[in-house]
Each structure stands twice: as C-alpha cells, then as structure tokens.
Amino acid sequence: MPSDRTHPLHLETPARGSVFQLSAGSNLTLAALGVVYGDIGTSPLYAIRQCFAHGASVNEPRVFGVLSMIAWALMLVVTLKYVIVLMRADNRGEGGILALTVLALRAAGPRRSRWILAAGLFGLALFFGDGVLTPSISVLSAVEGLKVATPALEPYVLPLTLAVLIVLFVLQRHGTGRVGGFFGPIIILWFGTIGLVGLAEITQNPTILKALNPVYAIGLIVADPWQSFVLLGSVVLAVTGAEALYADMGHFGPAPIRRGWLRFVFPALLLNYFGQGALLLASPAAIENPFFRLVPDWAVYPLVGLASIATVIASQAVISGAFSLTRQAVQLGYLPRMHVRHTSEQTIGQVYVPGMNWLLLVAVVVTVLGFRSSNALGGAYGVAVTGTMTVDTLLAFTFFWLAANWPLWQLVPVFALFLAVDLSFFGANLLKIDEGGWFPLTIGGVLFTVMLTWWRGRRLLAELRARDALPLREFVERLTPERPGRVPGTAIFMSRDLNRVPVALLHALKHYKVLHERVVVMQVDTQDVPHVPDEQRLEIRELGKGFFTIRVRYGFMDEPNVLRALAQCRVGGFRFNLMETSFIIGREKLRLRPRVLRPRVRRARFWRWRDVLFILMSNNTLDATEFFRIPPNRVIEVGGQVEI
C-alpha cells in the first residue's frame, strides 16, 4: 500500500508582519502624505464651485449651509467612518473594499456568501470607475486655473491636462514608494498653502466659523428639502478619496494615515473651505472660481502650478489603490492573471500592474477628451464614490457584527447613521445620471460583469474537470513496477486539485509512454489572508511509488514564486536538482461548444455570450510560467482543447 506521510516544515525564517511594521519611520509617513491624501486634498479646487452650479444664488444662508454640510460630511464620513471605525476592519494590515469583502465572507459563512461577494465585486468595480474620473477631474480643474489669470490661455487647457496625465502614468513604473517620497514634501507645501490662504480670508470675516454648527446645515435642509437633497450630489465631492485612503492602508499602515489626517490634512481642508465661504460672502462674483480668487492676481500662476502637481498626487492615491486591489483580485480569482511587479524590497504592498496602468491611461484620456471641462465631469463624478462607500458600510457592519462580535446596541445606531449618509449621497448623485453619471456606472457595470464572469466561469470549468478526472490515489495504486516505464529525473505537474490526476500528466503519459522516477503534483493555493508566513508555506505528502504532492500556500498579497518554494523544500529534507527537474504544464485552449451540443442545464447556468467572454479572457491570460516564476527553460507545455 502506498504510504501517506506528511513532511512537516518548520522554517526558521520569521513570519512577515504587516506592511507598516516593515517600513516604519519618518520616510513612510512622508511617503504616505504623498500618496494617501492627494484625492481628498484637491477637492477644494471644485467642490464649493459645484455646490453653487446651475444658477444657485450666492447668499448668506446658502453659504453657511453649504459649509456646514461639507464640514460635517468630512467629520462623519472621513473622520468617524473611515479613519476611526473602518480602519479597525483590516485583514492583517490590508484595507480596501476587497479585503473588507474577504472579512465579511469569512464571517457570514456560505449561506450569505453569494450576496456578499456580489456586493463586494460591485463596489470594487465602482472603485475602478472612480480611478478613471479622479485623475481626469482633478488635473483638469487645476489647469483650468489658467483661465482665471487670462482667458487667452483657454485653448491650452486640454493639451496641458493630457500632457500632465501622460507623464503621471509613465512615472508609475518607478513604484509607489519613490513616487510618494517625491510627492511628500510637495503635498505638505500644498496643504500648508491652502490652509494659510483660507486662514487669511477667514480673518477678514471670522463669523464664517459659525458654520461649524450643524444647525446651519439643518436649517438649509428644512428651508428647502428638495434643493438640499440635490445639493448633496455636490457636497459629496468634498469627501471623495476616503475609500482610496482606506485602500492604501496596506501600503503604509493605519497609524501614519490617522495622524496625518487628524493633525494636518483635516484642519487645512477646513480652513480652505471656510476661507472660500468668507470670500463668497464678501464677493459673490468670485463663485466663478473661488479657490483661485483667494489669492492676488500675481499669485495665480504659482498656485496653478502647485495645484497641477497636487492633482497629480490626487491621481496617485487612486492609481496606487487600483494597483493594490487589482493584485488582490487576481490572487483571489476575480480577475485573470496579470503581470504584477513589486517595486520595493522593504514594503510588501507596493506594486505596479502594467496592464491596469495603461488601461487607466487610455480611459482617462478618452474621458478628458469626451467631457472637456471639470464642470461637465462634476456631473459624472460622485456616483461611483458614493456607491463604493455604501457597499463599505454594509460589509463593515457584517464583519463587526458576525466576526468582531460588537454588540448590536452599539453597531445599529452608528451604522444606521453611516448608511443614512451614504444612501443620501448616492441617491443625490443618481439624479445626475443624464449629466454624466451614466459614465462611471457603465464602467462599473462592465467591470462587474467581467469579474463575475471570470469567477463563475472558473468554478464551472473546475466542476467540468473534476467530473472527468481520475482520482490521484487510485491512479497511483494501479501503477506496477513494469508499466509504465520510468526515466531518471523529477517531473512537476502544476494542478488545481491535488486529489485528481492532472490532465497534463495523462497527456504526457499517453504520448511518451513513460513516467519520471519522481513525480510531484503541485498546487498553488491562495488563502483569504494577505500574507502566509514562510513556516506555513508548504505541505508535502508522499503517496508511494515515487509520487508526491506539494501544496504551496500564499496570501492574496504575496507574490507566487515556485522556484523559491522548491528551495524551501530543502529544509524538510526534500531536495530538487533543477537541472534534472522538468515542469510539465497543461495549456488548455477553450473553445465554444456547438449550440446543438450544449446541455440545457449548462445553458441556463451560463449564457452563451458569457461563455464567449470567459473564453476570450482565459485564452489571453498571463502565462502560468511567468505568473508563478517558473524557469522557462525547464518547462514543457502539453496542449489540449476543452469545449464549454
């Protein structure tokens, strides 16, 4: 009988901790300032102006009401919800909607998993839609400041905007840490500048500070409920970037983000918003562009230059979050394999995804050319952000209730407040569908369909393989010393299921009529945790007759590396000579089954157009050899076709 011995591996390499433990100190704080707050920090460029769009009168009750709404939106949504509460919902240091989805799935169990997964993927799709709009509106609104200095520069606004955006995306290959370290001092200068110019205007009319009282927001709502509800669609522009702040927690950790927000960023934003309000009370005509009207004419050009750089930083916050979430989605099986490049030897979370980078660049250029002004983009902006915020609230409630065991008497009032605010913002932005709100919803709908199709298609394909596959243990028991013949060396077959015979092994045996002396069936598993410690990486079992199985575990933020995993096997006494080892990988080409041969049950579970989409993605995914870091000169690919 074949043996079933487990080779325990107790590696001495210490487990990797969270990201911020690896890169603590002032450099990390500076990089965090340069990456995390850019999006929310450039909202003063357009938020106040949008609140008075469409001919709204600039009078004292509305100015006080708008400022009160913005101040309390920042307090409730950013400070209380994200910085204080949601940053406690981290998956071993990682934040963002995908990490929150994993936490909620783990807490809720299989019965609720379908709805939680759908909500999480929809929120993730909307976040990517925000990743297209944020660079567009931020950079465009900054460059439009040139028109304040002189209208003669208006023809150069679009070309300059596109040039800035292209340079930004080209720089991404140098890594989040380097980009953030370069931007850190600039963002400090930015927040210091906007805070000081706002403070200077407040000193001219200090009564504007009374707008911190929520009574003014409530009074505006009571006086005109419908117009106040519509106004929320513009007020939400002041809190865009909160989700990116949460998603970037894995890059820098919660402590630097909290300190930077409470001690520096939040006060500077309030000063600038209230400075704009004081300016509007003194000069209502400044509503044309109240941000740039805060400074004298000679300072407009320097402020435009600083704002342009700051909006690049705003875009960086969303782009780095998109890279992080893309890698997590690939590892968890929600997106096809993509090339992911780590850009820091010290900080695990800093990655660059070339495919996503260039897709975002193309989408951003098309968006700028299509909308052509920040006012037009203001109608499109907000739907994706508020949709993601609403999903965050629902997922966080699920986690804190079922996993963190917070008492309901504490959770219900807090999250009822969060949900009421989120739904109010989301509903107000839905009113802007015909003004451009359809655009991010379209992007989100397409990406949601892609992710759900990939996830569901992989599951159906796995069921199809399992139905036709031979159990591995039964296959080993049937082998005899005479048949088939054995040749020297080791063959490693990559498999998705260690209990089944890999298709590549059957194809190789069919064509070559022999097996290697040592046959290893290897499965790479992605766990629902960010990182798996090295001592828990490997599980090796001996089945007898020269057959072994190796399970390699990675977290969804780890970089799969098969060669490094084989090197770790030496600690357990299981050695590989790479020159005598061959990796045999099955390369399946999916084909669409003729309509007359498709079972009715299959057709009901997966529509034909989704089969076509899944086949297209599967046949163009990143090669397994490159994704798992397998030496290409040791790889043998065995091809085959599968009809679905």
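Taking the options GLU60, GLU94, name whichever one is more than 30 Å from ASN405 (Cα to Cα) and either in contact (Cβ under 8 Å) with a residue 12 or more places away in the chain or under 21 Å from the mean Cα position of the chain (by Cα) (or both).
The match here is GLU60.
Considering the stretch 427-447 alone, what residues qualify as being open to solvent by less than 50 Å² (accessible area, probe 1.4 Å) and modelled with pLDDT of 85 or more?
Once the filter is applied, which keeps residues that are open to solvent by less than 50 Å² (accessible area, probe 1.4 Å) and modelled with pLDDT of 85 or more, the stretch 427-447 yields GLY427, ALA428, ASN429, PHE439, PRO440, ILE443, GLY444, GLY445.
Can you report the number of residues in the stretch 78-101 which are open to solvent by 10 Å² or more (accessible area, probe 1.4 Å) and either closer than 14 Å to ASP528 by Cα or hydroxyl-bearing (Ser, Thr, Tyr) (or both)?
So the count comes out to 3.
Within the stretch 1-94, which helices (runs of 4 or more DSSP H) (wholly inside it) include 1 or more residues that are at pLDDT 60 or above and among the β-branched types (Val, Ile, Thr)?
26-35, 38-41, 47-51, 60-73
Check whether at least one residue in the stretch 180-193 is modelled with pLDDT of 90 or more, open to solvent by less than 30 Å² (accessible area, probe 1.4 Å) and touching a Leu at 6+ places or on another chain (Cβ under 9 Å), and report yes or no.
Among the residues of the stretch 180-193, at least one is modelled with pLDDT of 90 or more, open to solvent by less than 30 Å² (accessible area, probe 1.4 Å) and touching a Leu at 6+ places or on another chain (Cβ under 9 Å), which makes the answer yes.
Go through (1) modelled with pLDDT of 90 or more; (2) within 29 Å of PRO44 (Cβ to Cβ) and name the single condition PHE397 misses.
(2)
All but one of (1) open to solvent by 20 Å² or more (accessible area, probe 1.4 Å); (2) within 29 Å of ALA217 (Cβ to Cβ); (3) touching a residue at least 12 places away in the same chain (Cβ under 8 Å) hold for MET75; state the number of the condition that does not hold.
(3)
Can you tell me which residue is farthest from VAL132 (Cα to Cα) among those in the stretch 225-259 that are open to solvent by 10 Å² or more (accessible area, probe 1.4 Å) and among the aliphatic types (A, V, I, L, M)?
Step by step, filter the stretch 225-259, then rank; the result is ALA255.
Every residue in the stretch 458-478 that is open to solvent by less than 40 Å² (accessible area, probe 1.4 Å) and at pLDDT 85 or above, please.
Once the filter is applied, which keeps residues that are open to solvent by less than 40 Å² (accessible area, probe 1.4 Å) and at pLDDT 85 or above, the stretch 458-478 yields LEU472, PHE475, VAL476.
Counting only residues that are among the charged types (D, E, K, R) and outside any helix (DSSP H, G or I), which one in the stretch 204-252 is modelled with the highest pLDDT?
Looking at residues that are among the charged types (D, E, K, R) and outside any helix (DSSP H, G or I), I get ASP224.
Here are some residues: ALA314, ALA286, ALA307, ALA255. Which one is without any contact (Cβ under 8 Å) to a residue 60 or more places away in the chain, aliphatic (A, V, I, L, M), in a helix (DSSP H, G or I) and out of contact with any His (no Cβ under 8 Å at 6 or more places or on another chain)?
ALA286 is the lone residue from the list that is without any contact (Cβ under 8 Å) to a residue 60 or more places away in the chain, aliphatic (A, V, I, L, M), in a helix (DSSP H, G or I) and out of contact with any His (no Cβ under 8 Å at 6 or more places or on another chain).
How many residues are in contact (Cβ under 8 Å) with a residue 24 or more places away in the chain and buried (at least 16 other Cβ atoms within 10 Å of the Cβ) when one looks only at the stretch 402-413?
Number satisfying all stated conditions: 1.
Here is a list: ILE550, ILE540. Which entry is touching a strand residue (DSSP E or B) at 6+ places or on another chain (Cβ under 9 Å), open to solvent by less than 20 Å² (accessible area, probe 1.4 Å) and within 25 Å of LEU461 (Cα to Cα)?
Testing whether each residue is touching a strand residue (DSSP E or B) at 6+ places or on another chain (Cβ under 9 Å), open to solvent by less than 20 Å² (accessible area, probe 1.4 Å) and within 25 Å of LEU461 (Cα to Cα) leaves just ILE550.
GLN316 - would you say it is open to solvent by 10 Å² or more (accessible area, probe 1.4 Å), touching a Gly at 6+ places or on another chain (Cβ under 9 Å) and either within 30 Å of VAL295 (Cβ to Cβ) or modelled with pLDDT under 80 (or both)?
For GLN316, the condition - open to solvent by 10 Å² or more (accessible area, probe 1.4 Å), touching a Gly at 6+ places or on another chain (Cβ under 9 Å) and either within 30 Å of VAL295 (Cβ to Cβ) or modelled with pLDDT under 80 (or both) - is not met.
The values are calculated or read from the model by the stated rules, or taken from the named source; none is laboratory data. Note that the coordinates shown come from a computational prediction; the quantities given were computed from them, not determined experimentally. Virtual Cβ from ideal backbone geometry, glycine too; neighbours counted across all protein chains shown. Areas reflect the complete protein model, heavy atoms only, side chains present, ligands, DNA and RNA absent. Shrake-Rupley method; radii C 1.70, N 1.55, O 1.52, S 1.80 Å.
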